[in-house]
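The values are calculated or read from the model by the stated rules, or taken from the named source; none is laboratory data. Quantities reported herein were computed from a predicted structural model and do not represent experimental measurements. Backbone-built Cβ (ideal geometry, glycine too); neighbour counts: all protein chains shown. Heavy atoms of the whole protein, side chains included, go into the accessibility calculation; ligands, DNA and RNA do not. Shrake-Rupley method; radii C 1.70, N 1.55, O 1.52, S 1.80 Å.
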Amino acid sequence: MASNRQVVSVDQPNAESILLDWLNDEDCTDDESQSLEPSRAVIPEELLSDSEDDCIPSDHDSDSEYSVDSDDEDVLTSGESTKYYYGKNRFKWSSEPPSRNIRTQSHNILRLPSNQNDLVTENGPISPLDAFQLIFDNQMIETILEWTNKKLEIVRETISPKEQYAFKETSQIELKGFLSLLLYGAAFKSNHESVLSLFATDGTGRPIFRVSMSKKRFLILLLVLRFDNFTDREARKIIDPGCAVSEFLEMFNKNSQARYVPGANFTVDEMLLAFHGRCRFKMYIPSKPAKYGVKVQCLADSATFYVYNTYIYTGKGSDSYTLSEEDKKKPVPTQAVLRLCKSIFNTNRNKGCFFKLDRTLNCKNSIGLKKTPIITTDYWYSSIELSQELKNKGLTTVGTLKKNKAVIPKEFLPAKNKELNSSLFGFTKYCTLVSFLPKKNKAVILYSTMHHDSKINPESLKPDIIEYYNDTKSGVDSVDQKCSVYSCSRRTRRWPMAVFFRILDMSAWNSYVIHKSQAGISKMTRLNYIKGLAEQLNDMNLKSRQYNERLPRQLRELISDITKVPLVEEQQVLDDKLPRKQRKYCHICPKRLKRKTSFLCHNCMKPVCLACTKKICTHCVATAKD
């Protein structure tokens, strides 16, 4: 039957259809199909490349995770040396990089402003307190104040009248003083030191704690601190199990995103807040130092480690919160990245971004164009589907891949015959895959939608993709480390308090990044910044306690030394008069008269009765003092 076949020439316009008819002929046996001589039936190379594309399963459409772009053949360099690699699911990679008619990809062009975070106040450059209030603003303090006082009111109804004074309502001044003590504990690295030790009066304690508030009041505030309306919390737990602090955390996110313009490189990763108490969504992660705790997903600037967005993982379905119904159908790691990166979607357009500041702060310079944000992820988040999703949102991504991914060809997996420090590249129109062997029988596989070439550093022999990943992968881990070095956290059985302590740590770090980025100010160390911030937060609290008659004079003198305000001024305000219960004998009258008085001498501060004094005007008092 093969002898009846006609000779097919390449010049014939219907050569392709004739060959396909022969191959699909039911009467054509294996022997007949093999009888075609190559010299007489030549198949063009274009048809071979098209037939290879037909090997892709038809059930993967153009939007699928494992789809191949329809115009891949137009951008991939074709030639005799071109080789194709196929994953387990027939995902196609080319050995040659895509050919480009332009010099540089638009998403690789840097357009960052020169002075992007230059802030000033009425008195000059911002102080540590000004920078801190940009992140931890008055709205957050008022939220704590409102619900903490509500809790104190409920507690007062259940205790005896003698103890009710200890549970009196707190004020904004006292609350800032409480926050300052937590920051002092972070600066002194005494956050896990016993409260009895911090408030000790035998010379071994910290005087700043004793003069700021009593030990009992400090413990009470730690006990009753609240961040949400706890009266309707049970109803809100059905939708959001972390509602006790999630709204407060969202305030932190909004302030962080509004007050600072980060760079172009971001890192997505997880943090584990150490906690061993009861919590329905407590996690066990053996690779983390704490191992047990509350998992927090985080998006941070890879260069400055500025925390840009974060949320608490509260169990199944929490990663898809605030996402659309279509995004909720995607894999969980993809949902996590989409939720974190929602605020930076399509941020590479020509938009002028300005700071949204308080009335006391003004912006010197506007913010210009930005580079397309680049997201660095580890193997848990990374996937080809994620790269396509972020590409549609105007983002590029670089990340590691697990070796069991179906898109990875077997040629990219480790093998005994592979050379040490060797690299293998695969390309599609928008994505690059690389396999690097740092050790024998061990391969590191990464993908990138930012890099589109096979450049290798001649000194380290590492591809540019791996070096970029190494430079940007530690954004969130560095934040976690810095918050652990100077941490405000104290031992607690309430997981919302563990989250609150980390919010305070991240607020201090973000404000430090803003403060040190300002022009015209001396760069201070982080330790000095935290100390200065705590001192400014506690300033009004100390001054109010300095004039409190019920405090021992020793404490008031210590406050006077700290605030640099003479204690004599207090007596002027109080008209140099003691309370009736504290009246003393006049030091001039004979002791036999036992004449008590509530007045003190303006000069020597000794008790004196009115019979032993003379009237004098305030002008003469000031003159005599000078």
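Structural remarks
- In this structure, the amide hydrogen of ASN309, modeled 1.01 Å from its nitrogen in the peptide plane, lies closer than 5 angstrom to those of LEU299, counting only residues at least 5 positions away or on a different chain.
- The share of accessible area on segment 290-339 that comes from carbon and sulfur is 53 percent, using a 1.4 angstrom probe.
- Rolling a 1.4 Å probe across the protein heavy atoms gives segment 160-220 an accessible surface of 47 Å² per residue.
- Accessible area of segment 427-559 divided out per residue, in Å², using a probe of 1.4 angstrom: 44
- Eligible lysines near LYS615 by straight Cα distance, threshold 18 Å, same-chain separation 8 or greater: LYS577, LYS606, LYS625
- Backbone HN-Hα couplings from phi across segment 183-192 [Karplus 6.51/-1.76/1.60, Hz, Gly and Pro as x]: 5, 4, x, 5, 5, 7, 6, 10, 5, 9
- Apportionment of accessible area to carbon and sulfur, segment 374-428, percent (1.4 Å): 47
- Taking all protein chains as shown and a probe of 1.4 angstrom, VAL476 keeps an accessible surface of around 0 Å².
- Per-residue SASA remark: TYR585, around 120 Å² accessible (1.4 Å probe; ligands, DNA and RNA not included).
- Taking every protein chain into account, the accessible area of segment 281-332 amounts to 47 square angstrom per residue (probe 1.4 Å).
- For the pair SER460 and LYS410 in one chain, pulling the backbone fully straight at 0.36 nm per residue adds 15.5 nm over the alpha carbon distance.
- Computed with every protein chain present, the accessible area of HIS587 is close to 90 Å² [probe 1.4 Å].
- Heavy-atom accessible area ranking, 1.4 Å probe, most first, across LYS237, LYS442, LYS591: LYS591, LYS442, LYS237
- Note on segment 269-352: with charges restricted to the Cβ of Lys and Arg (+1) and Asp and Glu (-1), its dipole about the Cα centre is near 260 debye.
- Taking only protein heavy atoms and a 1.4 Å probe, the accessible area of segment 433-557 is 48% carbon and sulfur.
- Label separation (ILE141 vs ARG592): 6.0 nm, computed from points 7 Å beyond Cα along the C-beta direction.
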